[in-house]
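What follows is a set of notes on a single structure, which appears directly below.
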């Protein structure tokens, strides 16, 4: 194997490593499947659990938020192990993966802890929730806010509006 072949393989490995955080076009495929703008989906997942990489914030798939404490893992297996530990300890809030869906409220949609840690499934499930809110409101930013807080209580509406504004600012940077 020549030196140029080794360099090419190394560069391909670096490229694939950086793409793995974005899941090789999973955002495009999932957004098309759900019928939502891809940049909105990407912005939501970045706000939900972004990680600073290469001078920018990008979504990171193997994350948990346990009772307000963020955890980033190098693999799905590590994420799953910590998730099972948190669930066995009956932790109150456990946000999972790219879309940070809370097990307490979304367990039925997530089906199982292992499936919840699958980045594409996690992304698709969150995408479907946003789409369902859009179908009711016909407004992407209200749908994004409701993804964060569905309740119509005034304090929850205010929290949803603040969240939607954060996602909107992230979305603007993608334009």
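Quick notes on this one:
- The number of residues in region 141-156 being farther than 15 Å from residue 45 by Cβ, part of a helix (DSSP H, G or I) and in contact with a helix residue (DSSP H, G or I) (Cβ under 8 Å, 6 or more places away or on another chain) comes to 4.
- Just one of the listed residues (164, 116, 143) is buried (at least 17 other Cβ atoms within 10 Å of the Cβ), touching a strand residue (DSSP E or B) at 6+ places or on another chain (Cβ under 8 Å) and modelled with pLDDT of 95 or more, namely 116.
- Qualifying positions in region 74-104 - in a helix (DSSP H, G or I) and touching a residue at least 24 places away in the same chain (Cβ under 8 Å): 76, 79, 80, 83, 84, 87
- Residue in region 116-125 that is in a helix (DSSP H, G or I), more than 22 Å from residue 51 (Cα to Cα) and in contact (Cβ under 8 Å) with a residue 12 or more places away in the chain present: no
- Highlighted here are the strands (runs of 3 or more DSSP E) found entirely within region 1-73 that include at least 2 residues which are at pLDDT 90 or above, over 17 Å from residue 175 (Cβ atoms) and in contact with a strand residue (DSSP E or B) (Cβ under 7 Å, 6 or more places away or on another chain): 63-66, 69-72.
The values are calculated or read from the model by the stated rules, or taken from the named source; none is laboratory data. This one's a predicted model, so the numbers in the text were calculated from it and none came from an experiment. With ideal geometry, Cβ positions are generated from the backbone for all residues, glycine too; neighbour counts draw on all protein chains shown.
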